[in-house]
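Structure first, commentary second.
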Amino acid sequence: MSGRALLRRGFTHGSDLDYDADKHDSSKYINDPIHGYINLDEQVLQIIDTPQFQRLRHLKQMGSSYFVFPGASHNRFEHCVGTSYLASEVVKGFALRQPELGIDERDSRCVTLAGLCHDLGHGPFSHVFDNEFIPRACPGMTWSHEEGSEMMLHHTIDENHIDIDEGDIKFIKQLIRGSSQPVGDEKMFLFDIVANKRNGVDVDKFDYIQRDCYNVGVNSSYDFQRLMLNSRVINDEVCYNAKEAFNLTEMFHTRYSLHKRVYSHRAAKAIEFMIVDALLIADPVLQISQSVTNPHKYQLLTDEIVRDIERSPEPELSEARDILARIHTRDIYKFVDEFILPADLASIANSACINEATIVGYRSDNDDFAERDVLIDFSLIHYGMRKDNPVDRISFYSKYNTAEKFPISSSLISLCVPEKYEERIIRIFTRTPSKRKQIQGAARRLMEELSSRIVASSSSSSSAHITPNRGLTLPNNLSLSPAKRRRLDFDM
């Protein structure tokens, strides 16, 4: 076939190809369901195409929620790629709209890589590992996935001989950690992009809120793309157009709603307890907790750890295998009760006041449950800044004066806003479903006693009792024995 014929078919004849390495485009494109086509340049690909980053393909973004929401099968891998893309887009937008900021290639590169690597340190089932497993496996150890991300960043660079300046590595780590105070000679507004400690508006939230809503089938009413387009830097701070005030309020409300409806779902929390129990039993054998200080071992630690336990013939893991088998047959730990604490009673939301032993202490004469049957979850759900409204911490600008920043009071945004921005919740679960009614009665007697003591000792007349939720009251005649499985009759 002639060279001309090859060209007509879309090919180039080998002898006609003049390859110039300097002009070679080594970037790639991926089609992301959230952001569309994403360009991955060589600097990003040299991190992505490593065993350390590919590990994120095996870490569920939403942890145990996947057992409740089948669509939540997405992983940390795509979230990190999406966050990196948004970080890059924000920096490019500022450089285009405000050249006076002096954003250089190093700024863009480091912010993009910070977005890419910010979750490198997550463990199995994401926040379950650092929030629940590590504190119980290693009491007194203060370790977070952010520390793990810094460790794995160094490990990734060293193991794959990636050429990054040591000063840039330090800057990337600082961007991952976030800061609300000046850091050396770095541009302060860059710290508002990936991990914003001023007010929580960052591309990490932009991506995970949109991605999680998309995958679990929850509608999101805020628009992060408008926020990116209607932002500018004023006095070294990322500020937003005043017309986006309600959009930002909706973003934080969506975050709260996801925590309330999805991330802390009762069944997901029950399964989380089961996973943690299995990991704690397996820890002395598999030395899971020791991996957090060893990047070579941590690189191999993913959600697959539960499959390793199930496949293991070790007799010491028999109890852990039994717990995991219960998840597969939906014989999960059971939710017992929930108490949303009034602000006056927030002081009792701790393990010193409420623990397994104190609940056992309020058993009635015929109760036979023990401490091992009781599980307690202390939750704090908020809009992102604990008791404060995060929108109060955001600076805005007017289209009539883009050089001046100012706050906007919530009352000027909407009168239909919450009076409080955080809630403390105590939830009781049990490992033994047949003891649910007993444990609920004891827990309610304990809560009534604690609230009565506080009300009696308070000088305020506004102190409130904890009122049990009648919708959660278990009936006396509730059948708590597991239902027998019906045998399907195909001869009908």
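Would you work out which of Asn75, Phe94, Leu113 lies farthest towards the positive end of the dipole of region 64-116? Charges go on Cβ: Lys and Arg +1, Asp and Glu -1.
Sorting the options by dipole projection puts first Asn75.
State, as an integer percentage, the relative contact order of region 305-443 based on alpha-carbon contacts under 8 Å between residues 6 or more apart.
On the way: 166 pairs, mean separation 52.7, N = 139.
Over region 305-443, the number comes to 38 percent.
Leaving out ligands and nucleic acids, note down the accessible area per residue over the chain with a 1.4 angstrom probe, in whole Å².
Numbers: 25030 Å² over 492 residues.
Here the residues of the chain average 51 Å² of exposed surface.
Assign unit charges at the C-beta atoms only (+1 for Lys and Arg, -1 for Asp and Glu), then state the dipole size of region 55-102 relative to its Cα centre in Debye, rounded to the nearest 20.
Details: 6 positive and 3 negative charges, 45 e Å.
My answer is approximately 220 debye.
Modelled label-to-label distance, Ser73 and Asp322, 7 Å Cα→beta-carbon offset: nm?
Placing both labels 7 Å along Cα→Cβ, they lie 3.2 nm apart.
Please report the net charge: other residues with Cβ closer than 15 Å to the Cβ of Met152, K and R +1, D and E -1. Show your work: numbers first, answer last.
Numbers: positive: Arg55, Arg57, Arg76, Lys173, Arg177, Lys297; negative: Asp119, Asp130, Glu146, Glu147, Glu150, Asp158, Glu159.
Taking every other residue near Met152 into account, the sum is -1.
Could you give the length gained on full extension between Arg106 and Lys260, defined as 0.36 nm per residue of separation minus the Cα-Cα distance, in nm? Write out the running numbers ahead of the final one.
Values: separation 154, 0.36 × 154 = 55.44 nm, distance 3.94 nm.
Going from the current span to full extension adds 51.5 nm.
State, as an integer percentage, the relative contact order of the chain based on alpha-carbon contacts under 8 Å between residues 6 or more apart.
RCO, the chain: 14 percent.
Take the alpha-carbon centre of region 313-345, take the same for region 238-273, and report the distance between them in whole Å.
Region 313-345 and region 238-273 have Cα centres spaced 25 Å from each other.
Computing the accessible area with a 1.4 Å probe over protein heavy atoms, can you report the carbon and sulfur percentage for region 308-460?
Details: 3860 of 7950 Å².
Carbon with sulfur: 48 percent of the solvent-accessible area.
What is the gain in length, in nm to one decimal, between Arg470 and Gln181 on full extension, counting 0.36 nm per residue of separation less the C-alpha to C-alpha distance? Let's see the in-between values first.
Details: separation 289, 0.36 × 289 = 104.04 nm, distance 4.78 nm.
The Arg470-Gln181 span can extend by a further 99.3 nm.
May I ask you to derive the FRET efficiency for Arg372 and Gln54 from their Cβ-Cβ distance with R0 = 41 Å, giving the value to the nearest 0.05? Display every interim value, and only then the final one.
Values: r = 40 Å, r/R0 = 0.97.
Rounded to the nearest 0.05, the efficiency is 0.55.
How do 394-402, 367-375, 272-280 rank on mean C-beta neighbours within 10 Å, highest first? If you can, show how the numbers build up before the last one.
Numbers: 394-402: 14.8, 367-375: 16.3, 272-280: 22.9.
Ranked from most to least packed, the peptides come out as 272-280, 367-375, 394-402.
Full extension from Leu280 to Thr432: what is 0.36 nm times the residue separation minus their Cα-Cα distance, to one decimal in nm? Walk me through the numbers before you get to the answer.
Details: separation 152, 0.36 × 152 = 54.72 nm, distance 1.84 nm.
Roughly 52.9 nm would be gained on extension.
Once you list every other residue whose beta carbon is under 9 Å from the beta carbon of Asp168, what net charge do they have if Lys and Arg are +1 and Asp and Glu are -1?
Working: positive: Arg106, Arg109, Lys170; negative: Asp165, Glu166.
Net charge in that neighbourhood comes out at +1.
Assign unit charges at the C-beta atoms only (+1 for Lys and Arg, -1 for Asp and Glu), then state the dipole size of the chain relative to its Cα centre in Debye, rounded to the nearest 20. Each step should come with its number before you reach the end.
Values: 59 positive and 71 negative charges, 424 e Å.
That gives the chain a dipole magnitude of about 2040 debye.
Give the label of the value calculated from the structure for semi-axes √(5λ) of the Cα gyration tensor in Å, choosing from (1) 42, 24, 18; (2) 45, 32, 21; (3) 37, 28, 22.
Looking at semi-axes √(5λ) of the Cα gyration tensor in Å for this model, the match is (2).
Determine, for each peptide in 169-177, 403-411, the mean count of other beta carbons within 10 angstrom over its residues, then list the peptides with the highest first. Please list the in-between numbers first.
Values: 169-177: 20.2, 403-411: 13.0.
Going from most to least packed, we get 169-177, 403-411.
So what's the net charge close to Asn477: Lys and Arg +1, Asp and Glu -1, counting the other residues with Cβ under 15 Å from its Cβ? Display every interim value, and only then the final one.
On the way: positive: Arg436, Lys437; negative: none.
So the environment of Asn477 carries a net charge of +2.
Tell me what the chain gives for mean residue ellipticity at 222 nm when only DSSP H runs of n ≥ 4 count, each as -39,500 (n - 2.57), the sum divided by the residue total, rounded to 500 deg cm²/dmol.
Details: 18 runs with 191 residues, N = 492.
Helix contribution divided over all residues of the chain: -11500 deg cm²/dmol.
Normalised by the residues of region 190-279, what does the relative contact order come to in percent, with Cα pairs under 8 Å and at least six apart? Present the calculation step by step, with values, prior to reporting the outcome.
On the way: 49 pairs, mean separation 18.0, N = 90.
Taking the mean separation of contacting Cα pairs over the length of region 190-279, I get 20 percent.
Give the carbon-plus-sulfur fraction of the accessible surface of region 153-266 in %, rounded to a whole number; probe 1.4 Å, heavy atoms of protein chains only. Present the calculation step by step, with values, prior to reporting the outcome.
Working: 2020 of 4810 Å².
Whole-percent figure for carbon plus sulfur exposure: 42.
The values are calculated or read from the model by the stated rules, or taken from the named source; none is laboratory data. Small disclaimer: the values here were computed from a predicted structure and weren't measured. Cβ: placed from backbone, ideal geometry, glycine included. Neighbour counts: every protein chain shown. Each accessible area value is taken on the protein alone, full model and side chains, heavy atoms only, with ligands, DNA and RNA left out. Shrake-Rupley method; radii C 1.70, N 1.55, O 1.52, S 1.80 Å.
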